[in-house]
Amino acid sequence: LQFGKGSPRGFWAREGRWFAHAGEAAGILLSAGPESPHRFQEVWSKASHILSSPWNGPAPDVPSPAPRFFGGFAFREDHTPDPVWSEFPLARFVLPELELMGSDGGGILTLRKLLPPGEDPAKCGREMDARLRAVRDALDSSVRSEESRDPRELPTRAEPMRETWDDAIHRALSGVEEGTVSKVVMARVLVVGSGAAGDPVEVALALWRANSASHVFLFEPVAGQALLGAAPETVATVEGNRFRATAVAGSISSGSTESERAALAHRLLESEKERWEHRVSVEDMMDRLQGVSEEVRAQEEPHVLTLPSIQHLETVMEATLLPGTTVLSVLEGLHPTPAVCGHPRDRALELILKEEPFQRGWYAGPVGWFDGEGNGVFVPALRSALWRGGEWRLFAGAGIVRGSDPAQEWEETRIKFQPVLRALSEAGQANQGGGGSR
């Protein structure tokens, strides 16, 4: 990732398995337009075209992993980016030039290039082999310089928002009481200024070290603008005809001791409000999977997912997909789930657009990867932050249902800011204090 600084970069990890990539052999970019309602199909069509030409050159010494596109989608299908999200349009994916796929046991370094018309495949193969060996030797011989990353006092933009938040939550609760929505997810932003440009790679790696049980991601499509986060759930994992996802909804603090954590987990499992909120997400996802699956299964009872700062109710879902179904076609039906939007979907989207004083952009949109066979992994861009021009914008949301309290939901979002704030502190790019928010 440091080797590729200045070019498109990305990092996708959970526990000891990860992908790191740099450069761009090919790209897909969608802006809002007539195809917007079919953006998932459009991305699949463009990717299929890019991968349609066969490689007729010499076989590599090591079988190469399947080509993967990395990137994501905006939260809304009518997304037209404001300046803050200028490099994150409706959808954006890269087929990396360099990809390192790794685990605790080692990794595979792959170089890819689109063969120009008329170029000799054998000649191109020799040039790529020489380039790949040069990159490998450079990585093997490089000695990483350890820069000072002591936490330091950096400006935090303080803009009063608590009253605005309370008003928005009360209006959302009015919608719940009137029956317009049964749940709506409201989010807020914390803006952390930085006196130095910094490097989002350091923040992403710090986030991974502290949150290895989450799905940690970094996507930097152009130098200087990046999105990263640590999502607690997967919205779609597809391998062949097998589908898997986790519904995560309902939250409580992790506490500071083992006994406190266990007591809080028990309270979460016994909470009628939190279990109802969770059940809405599970049932909605199960219903939407019916159209693309032969069989759908889910755990009968949720269990507690314990993360460093917060605990959630979690249910694992699996399905056997119909022939021809890809991870993108599944996403088209599932996104946005009640866990990131609300229920019913259309009315919750209307309320979010009306009440949230900022553009979500890619926050809570699906990010991840897919290959030419339709396999892939996508997570919602949660516990996330946008890095742009040395400024960090952190996002966090909370599900509003009957019985929600604005003060408690404010506290829940404060807890959800902590993973990125701590990673910023460890990377030496922000202090953990500073309560200003926006």
Looking only at Ser253, Ser329, Ser45, which one moves most when the chain is put into a Gaussian network model with springs between Cα atoms under 10 Å? Ser45
Under 5 Å between amide H atoms, partner at least 5 residues away or on a different chain: which partners does Ala236 have, H built in plane at 1.01 Å? Phe378
Lys and Arg at +1, Asp and Glu at -1: neighbours of Met285 with Cβ under 13 Å from its Cβ sum to -1
Take each of the peptides 225-231, 81-87, 362-368, average the number of other beta-carbon atoms within 10 Å over its residues, and list them starting from the highest. 362-368, 225-231, 81-87
Using a Gaussian network model on the chain with a 10 Å cutoff between Cα atoms, which of Ile352, Ile108, Ile28 fluctuates the most? Ile108
The range 243-313, accessible area per residue, ligands and nucleic acids excluded (1.4 Å, Å²): 51
So, in nm, how far is label Asp78 from label Asp129 when the simple model puts each one 7 Å beyond its Cα toward the Cβ? 5.5
What is the calculated FRET efficiency for Asp287 to Arg162, with r their C-beta to C-beta distance and R₀ = 35 Å, to the nearest 0.05? 0.45
Measuring with a 1.4 Å probe in the full set of protein chains, what accessible area per residue, in whole Å², belongs to the range 316-372? 32
Karplus-derived 3J(HN,Hα), 6.51/-1.76/1.60, for each residue of the range 373-379, Hz, glycine and proline x: 8, x, 7, x, 9, 10, 10
May I ask you to evaluate 6.51 cos²θ - 1.76 cosθ + 1.60, the Karplus curve with θ = phi - 60°, for each residue of the range 76-81 and list the ³J(HN,Hα) values in order in whole Hz, giving x for glycine and proline? 9, 7, 9, 5, 10, x
Measuring from its Cα centre, the chain shows a charge dipole (+1 at each Lys and Arg Cβ, -1 at each Asp and Glu Cβ) which, in debye to the nearest 20, is 680
Of the lysine pairs in the chain, how many meet both conditions: Cα atoms under 26 Å apart, and a spacing of 8 or more in sequence or different chains? 9
Using only the Cα atoms of the range 184-320, build the gyration tensor, take square roots of its eigenvalues as a ≥ b ≥ c, and label the shape rounded, prolate or oblate: rounded if a/c is under 1.5, else prolate if a/b is larger than b/c, else oblate. oblate
Quote the FRET efficiency, to the nearest 0.05, computed for Lys113 versus Arg345 with a Förster distance R0 of 41 Å and r equal to the Cβ-Cβ distance. 0.50
For the chain, give the percent of accessible area contributed by carbon and sulfur heavy atoms, probe 1.4 Å, rounded to a whole number. 50
Can you give the net charge of the other residues whose Cβ lies under 13 Å from the Cβ of Pro116, counting K and R as +1 and D and E as -1? -1
Can you give the helix-only mean residue ellipticity at 222 nm for the chain, where every DSSP H stretch with n ≥ 4 adds -39500 (n - 2.57) and the sum goes over all residues, rounded to the nearest 500 deg cm²/dmol? -10000 deg cm²/dmol
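The values are calculated or read from the model by the stated rules, or taken from the named source; none is laboratory data. Treat the numbers as computed from the prediction; the structure is a model and nothing was measured. Cβ atoms come from the backbone with ideal geometry, glycine included; neighbour counts cover every protein chain shown. Side chains are part of the model used for accessible areas, which takes the heavy atoms of the whole protein and leaves out ligands, DNA and RNA. Shrake-Rupley method; radii C 1.70, N 1.55, O 1.52, S 1.80 Å.
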